[in-house]
Amino acid sequence: MRVLTICDREGISGIVRWEQVVAGQPIYEEGRRLYTADINAAIKGAFDGGADDVWVMDWHSAGGDESA
């Protein structure tokens, strides 16, 4: 079984302030740690559930022009 997970920082466990998802903000690194922990939990769950192959796509600003 193959699993594709598309994720974004908004909605991640513990992300409660915009500053956690904006690079350069004091609590941005905290947001990165929270994001990584949730994604790793999803990957582990997929493998524990029988997945043979897991792909993760970070959708945060994917395909967008951040200057817009």
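Values computed for the structure shown
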read-out	value
Residue among Ile39, Ile12 that is of a type in the set (A, V, I, L, M, F, W, C), at pLDDT 90 or above and surrounded by 13 or more Cβ atoms within 10 Å (Cβ to Cβ)	Ile39
Tabulated pairs, the stretch 1-20, first closer than 16 Å to Trp59 by Cα and of a type outside the set (Asp, Glu), second part of a loop (DSSP other than H, G, I, E, B) and open to solvent by 60 Å² or more (accessible area, probe 1.4 Å), C-beta under 7 angstrom, 6+ apart or interchain	Ile6/Trp59; Cys7/Trp59
Subset tally (residues that are among the β-branched types (Val, Ile, Thr) and open to solvent by less than 70 Å² (accessible area, probe 1.4 Å)) for the stretch 15-36	4
Members of the stretch 42-68 that are modelled with pLDDT under 95 and in contact with a Leu (Cβ under 9 Å, 6 or more places away or on another chain)	Val56, Met57
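The values are calculated or read from the model by the stated rules, or taken from the named source; none is laboratory data. Just so it is clear, the model here is predicted, and its values are computed rather than measured. Note that each Cβ is placed from the backbone with ideal geometry, even for glycine, and that neighbours are counted across all protein chains shown. Surface areas here come from the heavy atoms of the whole protein model, side chains and all, with no ligands, DNA or RNA. Shrake-Rupley method; radii C 1.70, N 1.55, O 1.52, S 1.80 Å.
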